[in-house]
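*Asks:* Got a structure for you, written out below as structure tokens; questions coming shortly.
Please treat every number below as a calculation from the coordinates, not as lab data. Remember, it's a predicted structure, so these values are computed and weren't measured experimentally. For neighbour counting, all protein chains shown are included, and Cβ atoms are generated from backbone atoms with ideal geometry for every residue, glycine included.
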Amino acid sequence: MFAKTGNAKLWQGQIVNNELILHSIAEGICVVETSGKITYLNSSAAKMFGSEISDLVGRNYEEILFRRDDETENLTCPIRFALSEGEISHVNTETFFRRTGASFLVEYICVPLVENEQIVGAVITFQDITERREIETAIAQARDSALETANTKAAFLANMSHEIRTPLNGIIGTANLLLDSDLNQEQHHYASMLKTSADSLLEIVNDILDFSKIEAGKRELEAIDFDLRQVVENAVNFFAILARKKDLQISFEIAENVPTKLHGDSNQLRQILNNLISNAAKFTETGEIAVQISNQEENQTQVLLHFAVSDTGIGIDEAAQKKLFQPFMQADVSTTRKFGGTGLGLAICKQIVGLMQGEIGVESEPNKGSRFWFTATFQVQSSKFKVQSPNFSDLHEDRKPKTENQLLNILIAEDNPINREITQKMLEYIGFESEIAENGLEAVKAATEKNYDLILMDCQMPEMDGCSAAIRIRQHEHRPKIIALTANAAKGERERCLDAGMDDYLCKPITKENLAETIEKHFPEKKIKKSLDLKRELVQHRLTNIIDAKTLKNFLEIESNGEENFAVEMLEIFCNHTEKRILELTKDVQNRDAKAIRQKAHNLIGSSASIGISSLSNLFENLESAVEANDWNQITNHLAAISQKFENIKREIYQK
């Protein structure tokens, strides 16, 4: 990049006599005249070139400074440009050559010499930056390596926690079913132990997943309106039963000058409070737990709140306090043995508090209790942030306010027929009708023709995927709630969906419960039909060994809604659909069509999960992973395992 000199009065004699250093980078100084002849060179420059000054003065600068064979390069040479056009130039990296032929990197500035408004030469000041660039390169490589290691570790932790979570959810579901069935006292005791252990393990897995997301920089704050008092009250009430069992008093107090109508991430705040109150309850045998919130600083739009959770528990010595907020650390080893936990909870809290522009700390003495505190910044609700009710007079004339009993306008965008059918029947059971779009393009077209309240959007569809469709729909004036439906549970899919403008995220297999909870979350005024008590029917049902308990419960509830034999019909559709896809996969493997295999495998992951056959869904996940790894031996092996498993499942279904 070149800059004009103006009428810079730089005299050759001044530089020669005084060795004027024109720039802080200068080690070598070279003066050339318009012909390119070197008229002056300082000792530092001569040393860099590995020559004597007398050997270099009088020669053309291009022989010494550059080795340019291309005439075009000569024309664009910054020094040549200074001599011909009077331009100053600063070059960050250039290659000069020593007498031996070895090259070295330099940073240099070239300034034209002007006398009587005529260019008479130029001054080049330069510095050998070879060592500096080597260090910079090494630092960059180390940084990239560290980032790659961190990302690899985060991905590994996320994937492992996901893989553990899948069977663990099955264990917890089975334990719940056992506890709800007719058990004698001893059986109930064992089932309770199983449930408690599984819940503890799930908590550990969730901690690992949370920590890996934050460490990888994938955790971001949401921004919604919320009531601070309600968040704090819910957090305290959650531990009220545990406190009563231990005969502890638990209370909270919000100072009068604290604004309670806030805008920020209430879920992250709740997680911090839950962690601190949980620790307080865990380490306190007698006495009380108190939560206090005060106003530390406030302006017209923001407030910095101070939260404190105090207890009368075992306390922590000064040395142990220094380790508390480090990952995988607890006060001492005996703490882990006695009370359990991963040692990640406080580290996660520290990272979330950092995202909230706050700080976290502890004040404690052994046997005198502890006081954990943190600060967090929130927006104060105002007209800018407050969610407004829709102004129906501004909408189309045919769009009238809905009464509480009117149904939502719901669109299901899903290319898989099994998933469409199941999702539609779940919606019918909880009280809503819906319409269908079979791909992203159809969803965009439907959303332009009708103002839907809610769109359930599959992420991977032909013609146009769910994220692209959501972006297109968000360009319209009407903004429906869009909830992502995906089988991609642990690959950053949630962040991708939210970035595309979706409002929420559901992972397949979708249960009626989490579908109902999500709709109720976004449309709290709607009445959602509650679940039936089907404990005995689940245990005794003839499809119990084929379909997962949660999915079977969904199917039985749908059947109770007037859809007789719904489960069997869905299994038959699934078998016909899957059999065709497996035949197509066999041809795709023969043709080594990785893209087609990946698309079909992902589609079948979702349909297998939706039908409740997790064993087959896991095999399709293995096939998808093998395709991503480009391991054709594993692809062939996984397809063979899928074919065998499918035949066994089909035989069991039709024998029943």
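*Asks:* So if we plug the beta-carbon distance of residue 573 and residue 183 into 1/(1 + (r/R0)^6) with R0 = 41 Å, what FRET efficiency do we get, rounded to 0.05?
*Replies:* On the way: r = 36 Å, r/R0 = 0.88.
Efficiency, rounded to the nearest 0.05: 0.70.
*Asks:* Once you place label points 7 Å from the Cα toward the Cβ at residue 379 and residue 629, how far apart are they in nm?
*Replies:* 4.5
*Asks:* Give me the extension gain from residue 92 to residue 295: residue separation times 0.36 nm, minus the current Cα-Cα distance, reported in nm with one decimal.
*Replies:* Fully extending the segment from residue 92 to residue 295 adds 68.0 nm.
*Asks:* Now for a different question. Calculate the spin-label point distance for residue 520 paired with residue 256, positioning each point 7 Å from the Cα along the beta-carbon direction, and give it in nanometres.
*Replies:* Between residue 256 and residue 520, the simple spin-label model gives 3.8 nm.
*Asks:* When you count, for each residue, the other Cβ atoms within 10 Å and take the mean per peptide, how do 497-503, 594-600, 475-481 rank with the highest first?
*Replies:* Result, highest mean Cβ count within 10 Å first: 497-503, 594-600, 475-481.
*Asks:* Follow-up. How many nm separate the modelled label positions at residue 436 and residue 479, each set 7 Å beyond the Cα in the direction of the Cβ?
*Replies:* Distance between the two pseudo-spin positions: 3.1 nm.
*Asks:* Tally Lys/Arg at +1 and Asp/Glu at -1 over every other residue whose Cβ is under 11 Å from the Cβ of residue 617; what's the total? Don't jump to the answer; show the numbers that get you there.
*Replies:* Numbers: positive: 508, 645; negative: 548, 621, 624.
With Lys, Arg at +1 and Asp, Glu at -1, the neighbours total -1.
*Asks:* Now a separate question. Hey, which of these cross-link pairs are over 23 Å Cα-Cα: 245/322; 425/553; 425/521; 481/521; 450/508?
*Replies:* Values: 245/322 32 Å; 425/553 13 Å; 425/521 20 Å; 481/521 11 Å; 450/508 27 Å.
In this structure, 245/322; 450/508 lie more than 23 Å apart at Cα.
*Asks:* Would you kindly state how much longer the chain becomes between residue 317 and residue 286 on full extension, computed as 0.36 nm times their sequence separation minus their alpha carbon distance, in nm to one decimal?
*Replies:* Between residue 317 and residue 286, full extension yields 9.2 nm more.
*Asks:* If a paramagnetic tag sat 7 Å from the Cα of residue 594 along the Cα-Cβ line, which residues of segment 608-642 would have the backbone N under 20 Å from that point?
*Replies:* 620-640
*Asks:* Length gain on complete extension for the stretch residue 35 to residue 249, per 0.36 nm per residue less the alpha carbon to alpha carbon distance?
*Replies:* Stretched out fully, the residue 35 to residue 249 stretch lengthens by 67.9 nm.
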